[in-house]
Amino acid sequence: MRPFHSIYNKVLVWSSSRFAILWLSIISFLESIILPLPLQDLLLASMSLRNRSKAFYFAAICTFASVLGAILGYFIGVQAENYILPILVNLGYESKFNTAQIYFQTYGIYIILIAGFSPIPYKVFTIAAGMMSMALFPFIVFSLIARGARYFLISFLVRKFGKMADAWLNKYIDWLGYFLIIAIALFLWYEY
């Protein structure tokens, strides 16, 4: 059974659709808020493989849609603080929240750079940035840098390695998916 391979094949179908750019925009936007898997990476790679001359154009669309989603996540965090904080206090997590707030305020920009580029769940940090009252302008700038670096790197690698990248993804997509789940689980376990 290859669950991630079937997801990859579905993404390949989306990339050949006449609505591929719309799919890329929507998925990139939603991944910064709620989607559990970074499907936009696969869609971007597939679209870039199909049309290498537009690879960086696709990366730019992916970057801007993702950052727009991050901004919405930020404002969700701003609004959610009034609702989530009382629940955290009632559950005895107030001290952890205060520690996280200090940590986020001290290293906030760097957390956004790391989360925006790495496979750890970016949505957690977009919402947390709003909850922690991080300054919006630096949040946007560093989100653009981190997300842009990630997506332009994907497009660059696909342009450079082309069919070899597609063959590698077909062969290792399930291992990559399982690795991503383990990495996220370890990150969440370490944080809590």
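Tabulated values for the structure
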| quantity | calculated |
| --- | --- |
| Calculated FRET value between I26 and S133, using beta carbons and R₀ = 25 Å, to 0.05 | 0.30 |
| Extended-chain gain in nm, criterion 0.36 nm per residue less alpha-carbon gap, R18 and A149 | 44.5 nm |
| Distance from segment 24-80 to segment 107-137 (C-alpha centre basis), Å | 15 Å |
| Segment V89-I140, length gained on full extension (0.36 nm per residue, minus Cα span) | 15.4 nm |
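Coordinate-derived values only; no laboratory data. Just so you know, these numbers come straight off a predicted model, no measurement behind them. No Cβ is skipped: glycine too gets one built from the backbone with ideal geometry, and neighbour counts run over all protein chains shown.
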